[in-house]
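First comes the structure, then the notes that go with it.
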Amino acid sequence: MSNASAEVAADFRDALQDLKINSRPEISNLTIIAKENTEHAQAISHELENHIRTTRPEWKLPALYVLDSIVKNVGTPYTVFLGRNLYRTFMDAYMVMDPANRRAMDGLLKTWKQPVPESMDTNPVFSPEVTRDIENALIKIRTVTVQQQAMAQRTPHGLPPRPASNPMASGAWRNTPTPPQGGPRHAAPNDPRVRHNFPTPNNYGQLPVATPPSQVPTPQPPVTSIDLESLKADLAKLIASTRGAWEATPTDLALAQKLKALMDLQTVLNTQTIPPQQLQAIRTQIQALSPPPPPVQTYVPPIATTPQPFIPSPQQAAPPSLPPASGGFNLAQLLAQARPPVAQTPTPTQPTLSLADLLRRVSSPGQMSSTPVAAAPFPPPPHFPPVPQPVATPTPAPAPTLTPTTNLAQLLAQMTKSGSAPPPQVPQLPQLPTQPPAGSSAPGATDWLLNALKGVPQMATTGVLPQSTPTASTPMTRQASGMTAVPNSVELTTASMKQPRFHLIARLYGAKPNICATCGRRFENSAEGKEKKARHMDWHFRVKDPDATKRGIHRSWYISEKEWIEYREVDESAPDTANSAKAAAVTLKKDPKEQYVHVPADAARDAPCPICLEKFDSNLKWHTDANDFVWMDAVNVNGKVYHATCWDEYSKGAGIPAPSTPDPVLGKRKADIGTPVSGKKVRAY
Amino acid sequence: MASLPGLNLAAASAEPANLTSTSTETRQQDLAANTEYRFEVSFSRTLTIRLRTGTAEFFGTELGPSTTYSFKGTKGAIYTWHGCSLEIGGEAESEYVAEETTMMSYANAHFALEDLRDKAMQSNEAGPRVLVVGPDNSGKTSLVRILTSYALKMERQPVVVNLDPREGMLSVPGSLTASAFSGILDVEEGWGSSPISGPSPIPVKMPLGYHYGLGNPEEGKLYKPLVTRMALAVLSRLEEDKASKHTGFIIDTPGSISHGKGGVYENIDHIVSEFSGTCGVCFVGKLLTISVNIIFVLGSERLYSDLSRKYGHRSEDPISVVRLDKSGGCVDRDEAYMKHFRQNQIHNYFFGTDAENTLAPYSLVADIGDLTIFRLAESSAVDPSFRPGDDDDDVYAASKNIYEKVNPSSAMQNSLLAVTTASPKDPQEVIRDASVQGYIYLIEVDETKKKVRVLVPQPGQLPPNALVLGSFPEVVPDLLN
Ligand SMILES: Nc1ncnc2c1ncn2[C@@H]1O[C@H](COP(=O)(O)OP(=O)(O)O)[C@@H](O)[C@H]1O
Ligand SMILES: [Mg+2]
Ligand SMILES: [Zn+2]
Ligand SMILES: [Zn+2]
């Protein structure tokens, strides 16, 4: 740290020491110091973090407001420096705070997940990666706390309540606790990345300590008669109907969110023993989820001990008849709401799926293939009506005399003989227009004639998609190309390209009557086709994950030449087992940043990375997939933990190996990182 | 080095505000069987299309009946084999229904390839290896897309090779890429997207890329060696990857190589000879037996006759040279459109698709010394016709002057740098032949403070690899605005 930095930092520290209450002028003052000394941002950030960590619990919150004010009013580079350790800064403080202060911190966190109010910048205050970790940890803490308290048979008063979850009503940022700043004087007009627009004072609500999230205690309905099984059944029904609705309108984000939340809830219900009290909360949750849920409820906090009154926001357009949470629970009504208007979509709502099917499909789609399909978890969607009503499709009546069914063998023989020479009919063709003539009937007629001559089944030529009959268990495509290969063969000559062969088009359409309504991919009407489609739909669901956009996703580097040669494509409709092994192998080495190790036992915890000599503290992270605290960007090589990025660089040596040289670390990493990180299977998407 | 994830990069494009107002009203467009609805939409408007009834496809990829597709900065056609009714919203620069299309002949081309693929599968040999040539805007890329989509409908796995640096495939302009395709193409995004760090609703494909850095293959000395390298990689892949081997590959090319000089098409010849077994042993150590065996010529009669004369009748490895009509729908894309198109591709590389802005690139401050930039040397960029002695042998001769090593300067601001997989210490040929790991963008060079600010696609340190700077694509001054 330079002398100048040290001085500024000292001033800042002094000013911080005096901050014991939420004093607007003092917070403003500190923000101004930060603003005017961005070149010392690192030192200032360090001071601030230090202060938050070391000061008495009751003084931590004002300091956190300083942090909040700085990142919102100054932005970078503070967001970077403070973002690095934010998890620590935030969580350490959170752990020692009382419930009221925790509530205030929840409120802060919520605003950090959003853009600065009225700013041009649409990015959240802190990157989603930063806030997500905190959020995950908070959820975990709440769950654990709730469970402990439930076991101790205590009333849930001391619990950190859920953050007020009505963000749509007023824009959550309005609850931002940061005291108003002086206005645009903090702006740096020359820096395009600085947020220019500051919230005007009246946009800030009062300090949250003074106004905790409005939670009107609701008298709890009797909880005695909740039957777990019936609750599960209700939930399963709700999931099934939601899933049906989502499949019909896969673009509906709110529905996808709801589905995910419901499935999360189901997992909780199925994996944890939950006291009756909590069951009531879950029941309330189900109820709350019945109208399109607000986005923040994506992470269904599994157990909310203070059920909040359900207040439908205007956007949710809940029917007036919806009973309040404290009242009766009308599942039928909810289900009715959850169903989309059937008329909206050509695909009828799927029949209710069984819970087992759903779980199996959602949690491990790869098992699908080994599961008997008797239960038909994915009933074949109805065939898409192939012929549009409003359009007159040319369907010339077949001329029976022309249909040479009896001469088929003869014709086939002819075709075979013709080989590379044009078939006998062809000499007539040059008289045909080179392009299908204008108008919709002529090409059809020409086509019909040709097809009739070739003994092609009538259905293929009319534009009517042949529906596979139940007996068609062999793949239609191969059947078509195998059985009729000879008459259908297309010679590779310029003249041959101009002959209309409309009957062949059925191989692109009718052979696979089962279309995905979302992307248009077609599937055969066979058992295999159905399985493929089911996996394909799962893929749509996975990638539609409403959380995905909040995760700070970025473009990955391309794979190397050698990796590319060895890479095998992943078809999202193929059984998962075929996909994951290869995909994981390439992927694990892909992005060192995303590799991690479980935090080692105490002794090793303080050891620095042998390459850069920095410790791993700032890499600490709650890892959802690993379900554990981990060090990100870390790799274990022969018992020593390195930064994965450091190791990556080091292993490549001074000279990077020629593109075709295999990466020597690849095998090692696979061995070291036992758990494949599902989120990193880039290829699987 | 510091990553700045909070960087404000909400790169809104030109005039987004007026989109929604027009898109609420929709109209119905019925299409008879075997006709197509052709449209052009500017970059500042959005046209939405939804299939009401019937079947419809966009360059061979079928429209999903429950999806409303949005098009922006697009010229194209919705074709229907069976007739359909569309619901269209928004404003097109031009639109009409065409009753004469080339789709039947393109489908014929596809089914001819299918016959060969069936045979290849039976005998475990390579499927059809297709080269598509023709003048600019003759519909080459459209044909390649249709053939790819149709192959995917038949559960094939074609390898598509883009040798046209003017238009990136799964990458930025200036690059040459190859990718195997399986599953589906995307109606809106075409080839799809290269991998990102999370789930992508747009099908993710795995490109292999090399950086050419010039707009015209006839321009420099780099094109041929890169084609050679690409051919080696693709042929090696085909040797090992059965699904792709049986399907074969399709090569898209730039129009400029189809002009020829006095009936000689140097670059076409080079591609044909390199994408064939004559170059010997591939990376995986096997003798290659795969070569281009089909050339589709779009439009030009003269090119067709020149190429059939040369390749159609040779006794060894004859090639089927087949002419296909140019679609009446092909639009001449002017330089202004192409420039916008390129900038859009670069934007999408860092930020994801225009509409969604889904990706978060990182800004990184580094010391000037951290970047080792190799700029295409002037001598590599001169027209070969100025160098009478410049024959194929010369291309491979060791030369130190492919690139010149330069320090980042403020003149390079807003340029794209290819991050190669080679080390700065490698010989220049190695750097040239190294595949590309990705691209970074020079935001700012502060020559006095000796600092650079770069935009990188993913977090982490800047790779210490050799960076290549070409003159194409041009700078993108407003990438971050
Ligand atoms: N049938 C069609 N209807 C409308 N636009 C088309 C059609 N075929 C091609 N285009 C458009 O014409 C332009 C040129 O076609 P393209 O396939 O890119 O040509 P090339 O690759 O030969 O330069 C592209 O913008 C393409 O989308
Ligand atoms: Mg093209
Ligand atoms: Zn689909
Ligand atoms: Zn390290």
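The values are calculated or read from the model by the stated rules, or taken from the named source; none is laboratory data. Every value quoted in this text rests on a predicted model; they were computed, and no experiment measured them. We place every Cβ from the backbone using ideal geometry, glycine too, and count neighbours over all the protein chains shown. SASA here: full protein model, heavy atoms, side chains in, ligands and nucleic acids out. Shrake-Rupley method; radii C 1.70, N 1.55, O 1.52, S 1.80 Å.
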inquiry  = Go through segment B:446-468 and report how many residues are away from chain A (no Cβ under 12 Å) and open to solvent by 10 Å² or more (accessible area, probe 1.4 Å).
reply    = 5
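Rundown of residues vs (1) aliphatic (A, V, I, L, M); (2) part of a helix (DSSP H, G or I); (3) not assigned by the TED database to the domain that holds residue A:617, yes/no style:
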{"site": "A:10", "(1), (2), (3)": "yes, yes, yes"}
{"site": "A:14", "(1), (2), (3)": "no, yes, yes"}
{"site": "A:21", "(1), (2), (3)": "yes, no, yes"}
{"site": "A:30", "(1), (2), (3)": "yes, yes, yes"}
{"site": "A:43", "(1), (2), (3)": "yes, yes, yes"}
{"site": "A:49", "(1), (2), (3)": "no, yes, yes"}
task = Take the residues in segment B:303-328 that are open to solvent by 60 Å² or more (accessible area, probe 1.4 Å) and modelled with pLDDT under 95, then tell me which one is nearest to the other protein chains (Cβ to nearest Cβ).
result = B:318
remark   = Apart from one, (1) modelled with pLDDT under 95; (2) touching a Phe, Trp or Tyr at 6+ places or on another chain (Cβ under 6 Å) all hold for residue B:291; the odd one out is (2)
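I'd like the full set of residues that are open to solvent by 20 Å² or more (accessible area, probe 1.4 Å) and in contact (Cβ under 8 Å) with a residue 12 or more places away in the chain, limited to segment A:123-135. Step through it out loud before you land on a result.
Our first condition is that a residue be open to solvent by 20 Å² or more (accessible area, probe 1.4 Å); within segment A:123-135, this holds for A:123-124, A:128-130, A:132, A:135.
Listed by number, the residues that qualify are A:124, A:128, A:129, A:130, A:132, A:135.
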key: Tally, over segment B:6-56, of residues that are part of a loop (DSSP other than H, G, I, E, B), within 12 Å of chain A (Cβ to nearest Cβ) and modelled with pLDDT of 90 or more   = 5
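Taking the residues in segment B:182-212 that are under 29 Å from residue B:374 (Cα atoms) and open to solvent by 10 Å² or more (accessible area, probe 1.4 Å) as candidates, determine which candidate is farthest from the other protein chains (Cβ to nearest Cβ).
Taking segment B:182-212 first, the residues under 29 Å from residue B:374 (Cα atoms) are B:193-197, B:205-212.
Checking which are open to solvent by 10 Å² or more (accessible area, probe 1.4 Å) leaves us with B:193, B:196-197, B:211.
Values: B:193: 8, B:196: 5, B:197: 5, B:211: 11 Å.
Filtering first and then ranking leaves B:211.
Yes/no matrix, rows are residues, columns are (1) of a type in the set (Val, Ile, Thr); (2) at pLDDT below 80:
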residue: A:554; (1), (2): no, no
residue: A:559; (1), (2): yes, no
residue: A:583; (1), (2): no, yes
residue: A:606; (1), (2): no, yes
residue: A:616; (1), (2): no, no
residue: A:643; (1), (2): no, no
ask   = For segment B:117-226, which strands (runs of 3 or more DSSP E) that fit wholly inside it have 1 or more residues that are more than 13 Å from ligand 2 (Cβ to nearest atom), within 22 Å of residue A:566 (Cβ to Cβ) and modelled with pLDDT of 90 or more?
value = B:159-162, B:175-180, B:208-211
inquiry  = Here are the criteria: (1) modelled with pLDDT of 50 or more; (2) away from chain A (no Cβ under 14 Å). Tell me which single one residue B:436 does not satisfy.
reply    = (2)
request  = For residues that are in contact (Cβ under 8 Å) with a residue 40 or more places away in the chain and at the interface with chain B (Cβ under 7 Å from one of its Cβ atoms), scanning just segment A:505-514, find the one that is nearest to residue A:533 (Cα to Cα).
outcome  = A:509
key: Residue list for segment A:51-76, restricted to those being among the hydrophobic types (A, V, I, L, M, F, W, C) and either assigned to a helix (DSSP H, G or I) or in contact with a Gly (Cβ under 7 Å, 6 or more places away or on another chain) (or both)   = A:52, A:59, A:61, A:63, A:64, A:66, A:67, A:70, A:71
